[in-house]
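**Student:** Got a structure for you, written out below as structure tokens; questions coming shortly.
What follows is calculated from the coordinates using simple rules that are stated; it is not laboratory data. Because the structure is predicted, anything quoted here is derived from the model rather than measured. Positions of Cβ are backbone-derived with ideal geometry, glycine not excepted, and every protein chain shown enters the neighbour counts.
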């Protein structure tokens with residue numbers, strides 16, 4: 001008698017993650033002609049030099065992302081009304097699977113002329129670690145602060 005064991009196939013991926021701090025914009029529900037609707041948003045991520053007085057002169061990199069995961073979806077849905085009210089919503093985020101998408105501008109603007117080529121960086125919004133509205137911290141759904149986690153662990157919680 002032979003004992004045979006089968007090893008399940010293991011998927012392997014190259015993970016490309018981007019973490020950063022940026023402004024949340026254009027939260028919307030996308031309804032494609034084919035496929036299921038999904039939540040999407042844009043993030044203007046800050047980059048650049050911190051100045052010694054604590055201020056920054058940031059440059060921005062814009063990401064156009066699809067929101068993945070129940071925790072991220074709940075957080076974005078909670079923050080959407082603030083953005084709709086033209087309040088400044090800043091998030092600490094984690095993106096995955098970014099890729100460039102080239103497009104052609106269809107009309108003139110302050111920065112581009114009709115027919116110019118542009119690039120969008122697309123990806124998946126995987127996590128929002130922290131959020132601020134008009135500079136004030138916001139408690140996100142299903143996120144536990146370090147203090148609460150410590151208190152829960154000390155009390156015998158999980």
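**Student:** Taking 0.36 nm per residue of separation and subtracting the Cα-Cα distance, what length does fully extending residue 26 through residue 84 add?
**Tutor:** 20.0 nm
**Student:** Another question, if that's okay. At 7 Å along Cα-to-Cβ for each site, give me the label-to-label distance between residue 74 and residue 13 in nm.
**Tutor:** 2.1 nm
**Student:** Any chance you could run the full-extension gain for residue 42 through residue 119? It's 0.36 nm times the residue separation minus the Cα-Cα distance, nm to one decimal.
**Tutor:** Length difference between fully extended and current span is 26.4 nm.
**Student:** Hey, could you pull the Cα Rg and Dmax for region 17-154, both in Å?
**Tutor:** When restricted to Cα atoms, region 17-154 yields Rg and Dmax of 17.0, 62 Å.
**Student:** Sticking with this one: R0 = 25 Å: FRET efficiency of residue 130 with residue 52, Cβ-based, nearest 0.05?
**Tutor:** Using R0 = 25 Å, I get an efficiency of 0.55.
**Student:** Can you compute the FRET efficiency between residue 99 and residue 34 using 1/(1 + (r/R0)^6), with r the Cβ-Cβ distance and R0 = 25 Å? Round to the nearest 0.05.
**Tutor:** Taking R0 as 25 Å, the efficiency between residue 99 and residue 34 is 0.75.
**Student:** Continuing with this model, one more query. With only alpha-carbon pairs counted, each pair once and no self-pairs, how large is the Kirkwood hydrodynamic radius of region 70-137 in angstroms?
**Tutor:** About 14.3 Å, per the Kirkwood formula over Cα pairs.
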